[in-house]
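What follows is a short report on a single structure.
The values are calculated or read from the model by the stated rules, or taken from the named source; none is laboratory data. It should be emphasised that the depicted structure is a prediction, and the values quoted were computed from it without experimental measurement. Positions of Cβ are backbone-derived with ideal geometry, glycine not excepted, and every protein chain shown enters the neighbour counts.
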Amino acid sequence: MVDDLNRKRAEGNAPLDIINGPLMTGMAEVGRLFNNNELIVAEVLQSAEAMKAAVSHLEQFMEKADTEKRAKVMLATVKGDVHDIGKNLVEIILKNNGYEVINLGIKVPPEELIRAHREHQPDAIGLSGLLVKSAQQMVTTATDLREAGIDVPLLVGGAALSEKFTRSKIAPQYATAVCYAKDAMTGLRLMNHLSDPSQRQAVLRDNTFAGSIAIEEVAPAPLGPAGEERSPRIRADIPIPNVAYLDRKARSIPDRNEIWSYINPYMIFGRHMGFRGNFEKALKERDPRALELFHSMEEVKREAESFMKISAVWQFFEADREGNSIALFEPGKSWPIHKFHFQRQRVGEKLCLSDYILPPNPAPSSNNGAEQKVQRDHLALFVVTAGAGVRERSEEAKAAGRYLFSHGLQALAIETAEACAEWLHRRIREDWGFPDPLTLTMAERFTSRYRGKRYSFGYPACPNLDDQAGIWMLLKPEEIGVHLTEGMMMDPEASVSALVFHHPDCAYFTVGDQPDTQ
Ligand code: B1M
């Protein structure tokens with residue numbers, strides 16, 4: 001590539017013309033192929049690496065003034081949120097399509113955004129967030145930016161966000177356009193249109209809802225009280241299985257390869273690296289694209305082996321159902337150490353997580369009058385993480401233009417945390433006396449074809465993220481380096497918490513009262 005660039009220069013082409021000519025045309029073609037599903041995220045990152053290398057080579061022959069960028073975008077993950085992988089992908093894509101990007105990082109409060117806007121005078125601001133709480137934080141942030149007199153276009157993105165929420169809740173709070181970007185390439189297209197005088201006005205017009213009444217959801221007809229009856233769908237006459245121990249376990253898990261064998265290929269190669277279709281099948285058929293992706297992830301693993309730390313903390317607790325709540329007890333204690341309160345479905349099967357806790361077996365009568373303990377059911381809690389040091393190393397790689405490694409490492413850490421949750425859940429089933437049948441495949445494990453289920457706060461059966469505080473009080477995950485943010489998110493990003501139930505009737509369900517951001 002450098003030879004081609006030097007030949008172009010030798011033919012009298014100015015470095016800036018080479019960048020704005022064949023190179024930018026090349027990146028535009030990459031964008032077109034991606035939007036046409038002919039290129040995947042991993043390949044877009046490889047082309048961005050080539051673009052970075054080309055531009056860095058040519059910049060040595062350019063006047064400072066020539067390195068002017070198309071526009072300046074300030075990116076940030078909102079207050080209380082640690083989500084990084086999505087925002088960083090956006091940074092890489094924008095930077096290698098001619099934009100200057102100021103990446104303010106994670107957990108950025110509005111006042112910091114306002115200060116940074118004054119310092120950098122960006123042409124647009126990009127907000128990112130993972131959870132519903134972050135979508136709501138974007139409403140507050142938009143209001144604060146408006147009140148600070150800021151009126152550059154706002155681009156917003158994140159897994160729990162939607163066009164509808166953007167238009168109905170965020171945009172009415174802002175002075176000018178608020179554009180929803182479902183993925184990084186959409187973010188690029190929006191910036192290209194905003195930077196193109198012939199298209200800018202249309203984008204501003206179509207995405208400005210300043211002062212429009214925030215569309216209030218027509219509150220559905222109030223449903224009857226949810227009640228506290230155990231759902232008839234869940235049996236209460238099942239023997240209480242014993243657990244192997246009641247003390248707290250905190251471990252770092254040295255065997256990374258064992259945990260990596262629990263990674264769901266669809267998530268790491270499909271969702272994060274963009275492979276379309278059945279990755280495992282393609283790999284077996286030696287599909288060149290699947291093979292290349294597999295080997296590039298193996299390279300990431302080889303490098304991560306020198307530093308990725310996987311840790312877990314977990315504990316079984318004696319548990320008792322109290323209506324829609326679960327009371328947890330220290331061994332043999334009669335006074336609960338904590339209670340989790342859950343919502344119950346108001347219609348249909350009226351499911352509630354508390355129903356999966358079996359009634360205690362009355363104390364067997366003893367013939368010597370000694371006080372016998374009731375035998376309570378149990379609930380297991382855990383927090384796992386694989387995020388220690390990952391952000392720093394991913395940032396280093398990104399700064400060095402190793403984009404595939406940078407994104408691949410964040411994706412590996414995220415899916416390692418999820419894999420560790422799968423691994424630990426299996427172990428908990430064994431310690432609860434019902435190991436998986438040897439015939440159970442990993443694919444069946446990914447679709448929870450085993451006894452019991454795990455539920456994570458924030459997910460539809462237990463949407464209240466504030467309940468994370470209870471897990472932190474009980475398990476003290478700070479010891480394995482996981483901290484809760486003011487937004488009740490776990491730092492580092494690659495962390496998962498869960499409640500584990502053994503009940504054979506467990507199912508995934510939605511309690512339905514969660515705020516609608518979709
Ligand atoms: Co979890 N998670 N997760 N999760 N996760 C969601 C978000 C959830 C919707 C699942 C669900 O309920 N079905 C749910 C949130 C619901 C809610 O808010 N209440 C949820 C939850 C609850 C949680 C936990 C709280 C569960 C728990 O452990 N108790 C926990 C929180 C972690 C923490 O606090 N650190 C958690 C953990 C995780 C993992 C770590 C295992 C993992 C990674 C998360 C991550 O991405 N950082 C994970 C994953 C993978 C998901 C799902 C399945 C996928 C998210 C994803 O694609 N990330 C998600 C369910 C879903 O969406 N279907 C879910 C990859 C990332 C590259 O995409 O962030 O969307 P994304 O960024 C994109 C676009 O949004 C856009 O471009 C990016 C690149 O294409 N974009 C922008 C983003 N920002 C932009 C800014 C721009 C432009 C475009 O400005 C210019």
Within the range 387-422, the residues that are part of a loop (DSSP other than H, G, I, E, B) and either at positive phi or within 9 Å of the ligand (Cβ to nearest atom) (or both) are Gly387, Gly389, Gly401
Taking the range 481-506 as the region of interest, how many residues are farther than 21 Å from Val243 by Cβ, more than 9 Å from the ligand (Cβ to nearest atom) and hydrophobic (A, V, I, L, M, F, W, C)?
-> 0
Is there a residue being more than 11 Å from the ligand (Cβ to nearest atom) and of a type in the set (Asp, Glu) anywhere in the range 167-184?
-> no
Taking the residues in the range 141-185 that are under 20 Å from Lys72 (Cβ atoms), in a helix (DSSP H, G or I) and aliphatic (A, V, I, L, M) as candidates, determine which candidate is nearest to the chain's Cα centre (by Cα).
-> Ala184
Could you tell me whether Ala175 is free of Cβ contacts under 8 Å to residues at least 60 places away in the same chain and out of contact with any Gly (no Cβ under 6 Å at 6 or more places or on another chain)?
-> yes
What tally of residues in the range 293-322 results from selecting those that are without any contact (Cβ under 8 Å) to a residue 40 or more places away in the chain and either more than 28 Å from Ser394 (Cα to Cα) or not hydrophobic (A, V, I, L, M, F, W, C) (or both)?
-> 5
Long-range neighbours under 7 Å by Cβ, at least six apart or interchain, first residue outside the structural domain of Gln468 (by TED's automatic domain parsing) and under 10 Å from Leu351 (Cα atoms) within the range 494-511, second within 12 Å of the ligand (Cβ to nearest atom) and among the small types (Gly, Ala, Ser) = Tyr508/Ala461; Phe509/Ala461; Thr510/Ala461; Val511/Ala461
Sole miss for Gln468 among (1) more than 8 Å from the ligand (Cβ to nearest atom); (2) in a helix (DSSP H, G or I); (3) not charged (D, E, K, R) is condition (1)
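Let's see how each residue does on (1) of a type in the set (A, V, I, L, M); (2) modelled with pLDDT of 95 or more; (3) exposed (fewer than 15 other Cβ atoms within 10 Å of the Cβ):
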position: Val178; (1), (2), (3): yes, yes, no
position: Gly187; (1), (2), (3): no, yes, no
position: His193; (1), (2), (3): no, yes, no
position: Val203; (1), (2), (3): yes, yes, no
position: Val218; (1), (2), (3): yes, no, yes
In the range 451-458, is there at least one residue being within 19 Å of Ile357 (Cα to Cα), within 9 Å of the ligand (Cβ to nearest atom), assigned to a loop (DSSP other than H, G, I, E, B) and modelled with pLDDT of 95 or more?
-> yes
Answer residue from the range 116-128, given it is near the ligand (Cβ under 8 Å from one of its atoms) and in contact (Cβ under 8 Å) with a residue 60 or more places away in the chain and is farthest from Val203 (Cα to Cα) among those | Gly126
Every residue from the range 129-166 that is within 11 Å of the ligand (Cβ to nearest atom) and farther than 22 Å from Leu89 by Cα = Gln136
